[in-house]
């Protein structure tokens, strides 16, 4: 099934001419309404008029996460605030989050693209969609929610956490489609087994998993344990949220990117040079229909490659291969983006704590775990257990509050964290490689 | 101030009565036809939709209680096939299983419309930046306000709950002008502002819509003066719809119940007799337009009073006073509904025997706290501190999972919880309202 | 009237306790009393030794995190209700015990209880007033 036959199966030339028209308009609009872009283009010596073909896009400068931070909160908005009906945020590299705004039409586009994605994954109106992505400022929960509603399915806005209740509801309410992170799906599967329940008594058919990279091996495991078809979805809040690209049910091979709304490029992350289709590099995306916060050549830092060959499902949009890594130090823990620098700034702000820390990332019972080891020093040590326990609770709580990720804090002895060439090795990632 | 839908909200009483009668008749027929539970209830009571000759005949129909919802868990009370249901919410039940409610597309549209009315009455406009600090999820609070604000055309910040300092940072940076949360959380925000050395003028807040828990006029004055806003109360419950059943206008003299969608009655909770206008009693609500989940004479257990005299704002819809208590043992902690039986069930599961426990409710700053005191016995005592801590951690985790609320577990010595005639006093509520 | 106690942060892993005692032993420090509080990740070892400052210095030089705290040592007759009489006194004055541990003197007639109070000065005053024998540091260090 295809949700929007007209646009999803557009012939290549038609896609490209549509892209060109929309790209040109987008460049003109940001040049006229966003002071950052006007200056950015001027400094690079380019003007929207110089875009004579899609290939000319490479002459325009990149947009970085840092640019969003520098223009916090509303500096990159291309419309007045009255036209913004929704505001979301993602974690920034330090204290301040990255802000994104949506006009009514943006919300409409997002719902449409998520509805397309649900249908591509094999869902339909009769499904009961159990949405276990976190709701709130992150785009995951509400993005999937609006798409499922557009589709006309029954939405259970479950949000994250509370696994036993989730399982009870999944079983009792007869959920047929599950949306969450792939690692949470495995955690659910294990919990189902632990509770002595049989997955065959559940009605799950399809799982749509994203927000973190996952391997084919993990897919096999999820499909076997949850007795469903597992589909990979891609998105990032700077660009839209979930629904930028998704695998089709037919091929489960590469994620179709909705090219009537986004223009993908693959670049060499070191040189910034554009690579031909098929070569692996960093994904760069330009939005060509967004009104609230259009982004030109946004560097996603995700490593993948573009597949231009036609797909058996009939969709003509290019696919991206499943992600194989990052070109920066960002960690994805249970679907939450975490930069080591964020944890460092939290620790420094707690009195007495020195930034001697190490992050141990692991996978326990299929769920990512983050342990933050912090060295105890004379200022933070006490002869009373409760004082030390309060310290570790406080660190845990601040990390949870500011980054949205639950971690375990372990106080360790002074100078036990390995320092290499005077600088500590910050991250030990013991999770199985993709 | 603006009225969102003046045709409806300022309808003449006789017109409204005629509309209600017509819709009620249809609702009764549909409920009887599509919901086995109603069919049985009507048959048992010997009534049918045809017996409704005037609105007051509603009193002849049987009540619906939370227990009925429990017995028909999960979808037994739905009046449409699941295919037509586009949203499912739930609220806490009296025991482990939650109460399930469903919405068709029309239901969502009506809900959105009613919240838009309520928010407009509270002063929200398309130019506002609405900061929604209710938890998003199965509870109806956040979604109700979210969709309503979107309908008005305001900018919505779906901040959800938790982390007050981050919320304040976002309110400052994003210039939030309307605040949606529980009244006690509004005061927590005020406390944090004080602690951070910030005045209310560091924020751009103009109005606040507070609900999900009872609050006093004194608390309103405090919120209004400390945050420098117009603070209004609103009412709703997920069994009936969610927020948007009733809301105050700028005159703050009771919450207008949107009577073109709901019929309110006040009954004596002991005799179940309908009381005359102006009496204090339990609020009973009947839905008039809900397709997926019609409720006939649902006993809300909230104690209040109705005022039928006309309001200065021009709305003709009846006003209900702030709720002044419950006719059952439900507790409202941080806006979350808690039944002591839910806690008992959790303790029974972990201990494997009848627990001796006590619930202590208090207020720290302006936030409710719930402490569950559990008497230690041999099965839950360990000589190692870490095992003892792990046990407490486990109970706290289970409670959080069941209640959707953090409770502190405190182990106390055997026989230290006072017993009255062999039965322990379960709840000590030290909060003052 | 106060007694100096050192406390050491040690992770819950094998060999750490042995390391502390080895370091102290090599520096010629004698342990008079000790208590170990456990949690799942770490422990706090509390010691009363004959040479507090030496102990603190050598442990610090070996990279341990060490604190010095003031505690109160009380002599209790080694018989039934011996401890109880003291606790009654404290309770009557609403003084809280944060933690405590005990050892028996070599001659075996008295027990010594080490207390950490929320109000050390107040506790010493109350105990002395009520005729409880509070030991001076020097006495405990060379027991």
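What the table below lists for this structure:
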{"read-out": "Beta bridges by DSSP in the protein assembly as shown, antiparallel share as percent, to the nearest 5", "value": "70"}
{"read-out": "Rg to Rh quotient for chain B, alpha carbon positions, Kirkwood Rh", "value": "0.98"}
{"read-out": "Packing-based exposure ordering (other Cβ within 10 Å, fewest first) of A:180, A:313", "value": "A:313, A:180"}
{"read-out": "Within chain B, percent of DSSP bridges classed antiparallel, to nearest 5", "value": "65"}
{"read-out": "Diffusion coefficient, µm² s⁻¹, Stokes-Einstein with Kirkwood Rh over alpha-carbon pairs of the stretch C:60-143 at 10 °C and 1.306 mPa s", "value": "115"}
{"read-out": "Footprinting exposure proxy for C:36, A:391 (fewest neighbouring C-beta atoms within 10 Å first)", "value": "C:36, A:391"}
{"read-out": "Kirkwood Rh, angstrom, the stretch A:66-327 [1 / mean 1/r, Cα pairs]", "value": "18.8"}
{"read-out": "Residue among A:165, A:225, A:96 with the largest mean-square fluctuation in a Gaussian network model of chain A, springs linking Cα atoms under 10 Å", "value": "A:165"}
{"read-out": "Fluctuation leader among A:333, A:208, A:199 - chain A, Gaussian network, Cα springs under 10 angstrom", "value": "A:199"}
{"read-out": "Most mobile of A:21, A:318, A:229 in a GNM of chain A (Cα contacts under 10 Å)", "value": "A:21"}
{"read-out": "Helix-only CD estimate at 222 nm, as mean residue ellipticity for the protein assembly as shown, using -39500 (n - 2.57) per DSSP H run (n ≥ 4)", "value": "-10000 deg cm²/dmol"}
{"read-out": "Nearest-ten-degree value, helix C:16-26 long axis tilted from longest Cα axis of chain C", "value": "90"}
{"read-out": "With Cα atoms, 0 to 90° folded angle of helix C:120-129 axis to chain C main axis", "value": "40"}
{"read-out": "Distance from the stretch B:164-236 to the stretch A:278-315 (C-alpha centre basis), Å", "value": "42"}
{"read-out": "Relative contact order computed over chain C (Cα-Cα under 8 Å; 6+ residues apart), in percent", "value": "29"}
{"read-out": "Rotationally averaged projected area of the stretch B:333-429 (alpha carbon convex hull; nm²)", "value": "6.5"}
{"read-out": "Length-normalised contact order of chain A in % [C-alpha pairs under 8 Å, at least 6 apart]", "value": "14"}
{"read-out": "The protein assembly as shown: C-alpha gyration tensor shape, a/c 1.5 cut-off, then a/b vs b/c", "value": "oblate"}
{"read-out": "Between helix C:82-92 and chain C: long-axis angle, C-alpha atoms, 0 to 90°, nearest 10", "value": "80"}
{"read-out": "For A:145, B:366, order by how many other beta-carbon atoms lie within 10 Å, fewest first", "value": "B:366, A:145"}
{"read-out": "Alpha carbon centroid spacing (whole Å) that separates the stretch A:113-149 from the stretch A:151-169", "value": "12"}
{"read-out": "Euclidean distance of C-alpha centroids, the stretch A:3-31 and the stretch B:31-73, integer Å", "value": "56"}
{"read-out": "DSSP bridge orientation in chain A - percent antiparallel, rounded to nearest 5", "value": "65"}
{"read-out": "Relative contact order, percent, chain B [alpha-carbon distance under 8 Å, six or more residues apart]", "value": "14"}
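Laboratory data are not the source of any read-out in this text; all were calculated from the coordinates shown. Since we're looking at a predicted model, the values are computed, not measured. Counting neighbours? That spans all protein chains shown, and the Cβs are built from the backbone with ideal geometry, glycine included.
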